[in-house]
């Protein structure tokens, strides 16, 4: 795609789909295991399929399915969903300057279809310097493929969960973990982000005993706090440096 | 539990995190500090999800041992992600090491016992 960037609607749509294929592959086992875990934990097939269709947020759905299994109240599950999905504010804010000329009939569905995966793919397209007027078709292509795949895989998992006993023993739920590892590592490009990752992980371990998955919220907030602190104050034993000096190659 | 209300509530809060900011930020200005803090949300949330998955294989006790197949596979994934920055390769090699390592462990246990 270097040199001649796609310039027609169709080419942008197909290019967006193509760039999303690796992430779709990572989502396949994750979607199937969500469906299976959801029905195994007592959600009805309709509610599990409804979550994939209307919430469309993999990690939040997966955590919700686990919370349903522990008998957590709906209000706690919804609150956890809110906290887990807060990262989308960042994605939306990052994309906003690129999509601000689009009409609402584009913005609403594109917003609904915003995921970690589609964000990572689409922002790279928007940051390319060419003046293609159809970059939102690239976004649409990525979103449609992710969404269709997520529905299909959820349904397969829902059916499997009703017929196969204990689907988690195959370890397919681990696909989410390795996908997230593959997404975290490239994000860690400076000390504050490393601090956020390490503190969030450590606090998540310490706080995992808290009821109703509250540990996740505490850990996420601690991680964000650590990132901000590391950014404002240089580390102990470290010489304070001007911001420019931190950008080592 | 009312499943309809659960799905509706989750759908509403999720959409509220995605759409309004995308529609409005072009027109309003958020303080820089908010953007800076938001930048740490994705890595922090993802790490808070991943670390317990690796270190608490049964969801209760920490297991820092080769018997913890998830930890071993997670470390392989970490190494692959760090060295290659290739997501697909990270997923494939991570899952293969999970299955390969647990197969190896069970083969060794059978041979030893």
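The values are calculated or read from the model by the stated rules, or taken from the named source; none is laboratory data. Everything numeric in this text was worked out from a predicted model, so none of it was measured. Every residue, glycine among them, receives a Cβ derived from its backbone with ideal geometry; neighbour counts consider all protein chains shown.
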Filtering the stretch A:41-59 down to residues that are closer than 23 Å to residue A:217 by Cβ and at pLDDT below 90, which residue is surrounded by the most Cβ atoms within 10 Å (Cβ to Cβ)?
A:58
Would you say residue A:80 is buried (at least 22 other Cβ atoms within 10 Å of the Cβ), more than 7 Å from chain B (Cβ to nearest Cβ) and in a helix (DSSP H, G or I)?
yes
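Conditions tested, residue by residue: (1) at pLDDT below 80; (2) more than 22 Å from residue A:78 (Cα to Cα); (3) surrounded by fewer than 16 Cβ atoms within 10 Å (Cβ to Cβ).
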residue	(1), (2), (3)
A:179	no, yes, no
A:188	no, yes, no
A:195	no, yes, no
A:224	no, no, no
A:233	no, yes, yes
A:240	yes, yes, yes
A:246	yes, yes, yes
Residue among A:48, A:72, A:65, A:38 that is closer than 24 Å to residue A:114 by Cβ and at the interface with another protein chain (Cβ under 10 Å from one of its Cβ atoms)
A:48
Between A:148, A:160, A:143, which is within 14 Å of chain B (Cβ to nearest Cβ) and either at pLDDT 90 or above or closer than 29 Å to residue B:69 by Cα (or both)?
A:143
Taking the condition within 27 Å of residue B:85 (Cα to Cα), part of a helix (DSSP H, G or I) and more than 15 Å from the chain's Cα centre (by Cα), does residue A:32 pass?
yes
